[in-house]
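> Pasting a structure below so you can have a look.
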Amino acid sequence: MPTDFPEITVVKPESDHKVSVIFLHGLGDTADGWKGCMEGDLQFDNVKYILPTAATLPVTLNFGMKMPAWYDIVGLDLNSQEDHTNITKSSEYIHTLIRQEIESGIPSENIILGGFSQGGAIALYAGLTAKMKLGGIIAMSSYLPLRNTLEATGTVSENRDVRILMCHGTADPVVDYSFGQASSRLLRKYSTNVTFKTYPGLMHGACPEELTDIKKFIEERVREVS
């Protein structure tokens, strides 16, 4: 396990463990920022939530301030320079967490990756490049990073046609709604199972309707394996 990532927070299932969800927080947050949601709105008796916290990095967009970040962000434009090194490093860390769940007895098809904002970007990239077939990917207020690298290298193999749920608010001032839309179109090159949900007026955050949609997405996998 990489040593520069802090300790993982786990929300354990209350009964027979069927599905694992690895969920990644957004820029400047930690696992604790989403723990309450997993214990409340998104709680399932047979779902285990694995909540990693990103390493601390200087973030160019925030004047070099150090904070939990899955990768550096230079700008908010779709054509801004991307931090290939840390996007890859964070994705490999998530692949390690997936392998640990498989070793614990959970089939890869019963593992879902998810995340908010920057965490959702890593969930998408790590999910598409994983060498084991997953049960789904959730991206909230997010976008697909390193899209040109994915296309050029042909690294998407095991997770072609993986179920993907993208959720985005129309009033998002951080990750523009159009960025999410553009990413959903790009993702359809790799999967025919992409769903893009729109939440009118929602800014850079979550809303009850969105959490309901996410719970339904997870519940579909739970029903399939029960």
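The values are calculated or read from the model by the stated rules, or taken from the named source; none is laboratory data. Because the structure is predicted, anything quoted here is derived from the model rather than measured. Cβ atoms come from the backbone with ideal geometry, glycine included; neighbour counts cover every protein chain shown. Just so you know, the surface numbers come from the protein's heavy atoms only, side chains and all, with ligands and any DNA or RNA stripped out. Shrake-Rupley method; radii C 1.70, N 1.55, O 1.52, S 1.80 Å.
> From the residues in region 79-110 that are among the small types (Gly, Ala, Ser) and crowded, with 18+ Cβ neighbours inside 10 Å, which one is farthest from residue 219 (Cα to Cα)?
Narrowing region 79-110 to residues among the small types (Gly, Ala, Ser): 80, 90-91, 104-105, 108.
Then keep just the ones that are crowded, with 18+ Cβ neighbours inside 10 Å; that gives 90-91, 108.
Working: 90: 27, 91: 25, 108: 16 Å.
So the residue we want is 90.
> Which of the following residues is modelled with pLDDT of 95 or more, among the hydroxyl-bearing types (Ser, Thr, Tyr) and part of a strand (DSSP E or B): 71, 93, 49?
Going through 71, 93, 49 in turn, the sole match is 49.
> Identify, from the list 104, 91, the residue that is within 16 Å of the chain's Cα centre (by Cα) and of a type in the set (Ser, Thr, Tyr).
Exactly one of 104, 91 is within 16 Å of the chain's Cα centre (by Cα) and of a type in the set (Ser, Thr, Tyr), namely 91.
> Is it true that residue 69 is within 18 Å of residue 138 (Cβ to Cβ) and within 15 Å of the chain's Cα centre (by Cα)?
Spelling it out, it is not the case that residue 69 is within 18 Å of residue 138 (Cβ to Cβ) and within 15 Å of the chain's Cα centre (by Cα).
> Which numbered condition in (1) touching a residue at least 24 places away in the same chain (Cβ under 8 Å); (2) open to solvent by 30 Å² or more (accessible area, probe 1.4 Å); (3) hydrophobic (A, V, I, L, M, F, W, C) is the only one that residue 70 fails?
(2)
> Out of 139, 206, I need the residue that is part of a loop (DSSP other than H, G, I, E, B), closer than 24 Å to residue 39 by Cβ and touching a residue at least 24 places away in the same chain (Cβ under 8 Å). Which one?
It is 206.
> (1) modelled with pLDDT under 95; (2) not in a loop (DSSP other than H, G, I, E, B): which one isn't true of residue 197, the others all being true?
Answer for residue 197: the failing condition is (1).
> Is it the case that some residue within region 116-125 is closer than 19 Å to residue 176 by Cα, out of contact with any His (no Cβ under 7 Å at 6 or more places or on another chain), open to solvent by less than 10 Å² (accessible area, probe 1.4 Å) and of a type in the set (S, T, N, Q)?
The answer is yes, given that some residue of region 116-125 is closer than 19 Å to residue 176 by Cα, out of contact with any His (no Cβ under 7 Å at 6 or more places or on another chain), open to solvent by less than 10 Å² (accessible area, probe 1.4 Å) and of a type in the set (S, T, N, Q).
> Between residues in region 157-177 that are at positive phi and outside any loop (DSSP other than H, G, I, E, B) and residues that are surrounded by fewer than 17 Cβ atoms within 10 Å (Cβ to Cβ) and β-branched (Val, Ile, Thr), which pairs lie under 9 Å by C-beta distance while being six or more apart or on different chains?
none
> Applying the selection to region 4-33, what residues are farther than 19 Å from residue 135 by Cβ and not in a loop (DSSP other than H, G, I, E, B)? Talk me through it step by step, then tell me what you get.
Of the residues in region 4-33, the ones farther than 19 Å from residue 135 by Cβ are 4-9, 14, 25-33.
If the condition is that a residue be farther than 19 Å from residue 135 by Cβ and not in a loop (DSSP other than H, G, I, E, B), then 9, 32, 33 are the ones that fit.
> Got a sec? Which of 51, 24 is more than 25 Å from residue 178 (Cβ to Cβ) and buried (at least 21 other Cβ atoms within 10 Å of the Cβ)?
51
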